[in-house]
1. Right, Val223: of a type outside the set (Ser, Thr, Tyr), modelled with pLDDT under 95, over 12 Å from Pro138 (Cα atoms) and in contact with a strand residue (DSSP E or B) (Cβ under 9 Å, 6 or more places away or on another chain) or not?
2. Would you say Pro164 is touching a His at 6+ places or on another chain (Cβ under 7 Å), within 21 Å of Gly101 (Cβ to Cβ) and not charged (D, E, K, R)?
3. With the condition kept exactly as written, say whether any residue in segment 190-208 is within 27 Å of Tyr25 (Cβ to Cβ), touching a residue at least 60 places away in the same chain (Cβ under 8 Å) and either in contact with a His (Cβ under 7 Å, 6 or more places away or on another chain) or part of a helix (DSSP H, G or I) (or both).
4. Quick one: in segment 85-113, which of the residues that are assigned to a helix (DSSP H, G or I) and out of contact with any strand residue (DSSP E or B) (no Cβ under 9 Å at 6 or more places or on another chain) is nearest to Phe150 (Cα to Cα)?
5. Go over the candidates Gln12, Gln34 one by one and state the one that is open to solvent by less than 30 Å² (accessible area, probe 1.4 Å) and in contact with a strand residue (DSSP E or B) (Cβ under 8 Å, 6 or more places away or on another chain).
6. Please pick out the residue among Ala126, Ala151 that is surrounded by 15 or more Cβ atoms within 10 Å (Cβ to Cβ) and out of contact with any Cys (no Cβ under 7 Å at 6 or more places or on another chain).
7. Kindly list the number of the only condition in (1) polar (S, T, N, Q); (2) open to solvent by 80 Å² or more (accessible area, probe 1.4 Å); (3) farther than 25 Å from Gly216 by Cβ that fails for Gln93.
8. Those residues that are within 20 Å of the chain's Cα centre (by Cα), free of Cβ contacts under 8 Å to residues at least 60 places away in the same chain and farther than 11 Å from Ile8 by Cβ, I need them from segment 89-111; list them, please.
Amino acid sequence: MSNNIGLITIGQAPRNDVAPIIEKYLEGKAGLVQSGVLDGFTADQVREFYSPGPGEYVLTTRMTDGSAAVISRERIKSVLQGKVDAMEAAGIQTILLACTGVFPGLHTAKAHLIEPDRIIPPVVMAMLDGRRLGLIGPLPEQEESMNEKFAGAGARLPFAAASPYTGTEADFRAAAERLRDLADVIVLDCMGYVEQHRQWAASAGVPAVLSNALMGKLVAEMV
């Protein structure tokens with residue numbers, strides 16, 4: 001298919017959790033070609049080479065066996081750029097990054113690189129219309145970076161942690177309860193969350209937005 005879309009995960013491909021959500025909105029208009037930053041690495045190698053050091057930007061992602069990996073943005077940056085370059089060299093003209101983290105300097109020569117962190121925060125903030133925003137992210141140590149992304153340095157939005165890879169239903173319901181009286185809309189700020197997570201997050205009666213569904217809808221309009 002000539003209008004394939006590239007999907008790059010910071011974990012391992014294929015992302016059988018996320019890809020179906022994107023494909024649902026594409027409705028067969030384009031196929032997905034997947035690639036992963038951690039493809040070919042064992043869990044031990046990932047811990048050795050990519051575990052975050054002090055002060056590094058922390059990310060979490062999924063291995064093909066379903067387990068979670070916690071990695072450093074700084075340590076994967078060159079590999080991620082290489083994955084982008086390889087997709088563009090293969091003729092793919094639209095590349096979606098399957099991560100809501102912030103990656104300064106990531107680039108292409110001519111292909112259209114879609115980075116969720118550049119799209120989701122302004123879209124969500126524009127739609128709030130005075131309503132209070134709450135955030136659910138995978139790891140407690142991501143609270144500061146997510147606050148900065150959505151509201152600016154020094155801001156404090158209500159935040160709760162529940163991992164899409166290791167979190168239980170009880171974890172998500174507890175996160176939702178924590179935000180219930182503090183937020184009018186919740187964003188699940190990770191591309192790894194799926195519809196079941198959204199339903200659990202909305203269990204306290206606060207509407208929840210699924211990041212990858214939002215991106216799927218937007219990308220589908222461009223093909």
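The values are calculated or read from the model by the stated rules, or taken from the named source; none is laboratory data. Just so we're clear, the structure is a prediction, and the values are computed from it rather than from any experiment. Using ideal geometry, Cβ is built from the backbone for each residue, glycine included, and neighbour counts are taken over all protein chains shown. The protein model used for the area step is the full one, side chains on, heavy atoms only, and it has no ligands, DNA or RNA in it. Shrake-Rupley method; radii C 1.70, N 1.55, O 1.52, S 1.80 Å.
1. On the way: of a type outside the set (Ser, Thr, Tyr): yes; modelled with pLDDT under 95: yes; over 12 Å from Pro138 (Cα atoms): yes; in contact with a strand residue (DSSP E or B) (Cβ under 9 Å, 6 or more places away or on another chain): yes.
So Val223 fits the description; yes.
2. Numbers: touching a His at 6+ places or on another chain (Cβ under 7 Å): yes; within 21 Å of Gly101 (Cβ to Cβ): yes; not charged (D, E, K, R): yes.
For Pro164, the condition - touching a His at 6+ places or on another chain (Cβ under 7 Å), within 21 Å of Gly101 (Cβ to Cβ) and not charged (D, E, K, R) - is met.
3. yes
4. To start, the set of residues in segment 85-113 that are assigned to a helix (DSSP H, G or I) comprises 85-89.
Now restrict to residues that are out of contact with any strand residue (DSSP E or B) (no Cβ under 9 Å at 6 or more places or on another chain): 85, 89.
Values: Asp85: 28, Ala89: 33 Å.
Step by step, filter segment 85-113, then rank; the result is Asp85.
5. Values: Gln34 fails: open to solvent by less than 30 Å² (accessible area, probe 1.4 Å).
Within the list Gln12, Gln34, the selection yields Gln12.
6. On the way: Ala126 fails: surrounded by 15 or more Cβ atoms within 10 Å (Cβ to Cβ).
After applying the criteria, what remains is Ala151.
7. (3)
8. First, pick out the residues of segment 89-111 that are within 20 Å of the chain's Cα centre (by Cα): 94-108.
This time we only want the ones that are free of Cβ contacts under 8 Å to residues at least 60 places away in the same chain, so: 102-108.
Listed by number, the residues that qualify are Val102, Pro104, Gly105, His107, Thr108.
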